[in-house]
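Shown next, in structure tokens, is the structure this report addresses.
The values are calculated or read from the model by the stated rules, or taken from the named source; none is laboratory data. All values derive from a computational prediction rather than experimental measurement. In this analysis, Cβ positions are derived from the backbone assuming ideal geometry, glycine residues included, and neighbour counts consider all displayed protein chains. Protein only, heavy atoms only, side chains kept; ligands, DNA and RNA dropped before computing areas. Shrake-Rupley method; radii C 1.70, N 1.55, O 1.52, S 1.80 Å.
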Amino acid sequence: MDTLLADLAMILIVAGITALIFKKLHQPLVLGYIVAGFLTSPNFTYFPTIANKASVETWAEIGVIFLMFSLG
């Protein structure tokens, strides 16, 4: 449970920082969120990444649930 919350905190912090940067640059926020996802992924080795890949799948499923409820 601790790694799950730590991963969520890192994802939200990086997404917030990239959103601010892309807003200042007058770029779409979706592009900033894509860059934030790449920065926190295991494919990018210059930044601390997600500790557990299963937690990414868990947060992805929770995100899809929230998306479906907001659309419905």
Out of A15, A36, I need the residue that is surrounded by 15 or more Cβ atoms within 10 Å (Cβ to Cβ), touching a residue at least 24 places away in the same chain (Cβ under 8 Å) and either of a type in the set (S, T, N, Q) or part of a helix (DSSP H, G or I) (or both). Which one? A36
Residue identified as touching a Phe, Trp or Tyr at 6+ places or on another chain (Cβ under 9 Å), of a type outside the set (D, E, K, R) and open to solvent by 30 Å² or more (accessible area, probe 1.4 Å) among L20, L31, L25: L31
Give me the residue from region 1-12 that is part of a helix (DSSP H, G or I) and open to solvent by 90 Å² or more (accessible area, probe 1.4 Å) and, out of that set, modelled with the highest pLDDT. L12
Filtered residue count, region 8-33, keeping only those that are under 24 Å from A54 (Cβ atoms) and in contact with a Ser or Thr (Cβ under 9 Å, 6 or more places away or on another chain): 6
Subset of region 39-63, residues assigned to a helix (DSSP H, G or I), of a type in the set (G, A, S) and either touching a residue at least 12 places away in the same chain (Cβ under 8 Å) or open to solvent by 70 Å² or more (accessible area, probe 1.4 Å) (or both), comes to S55
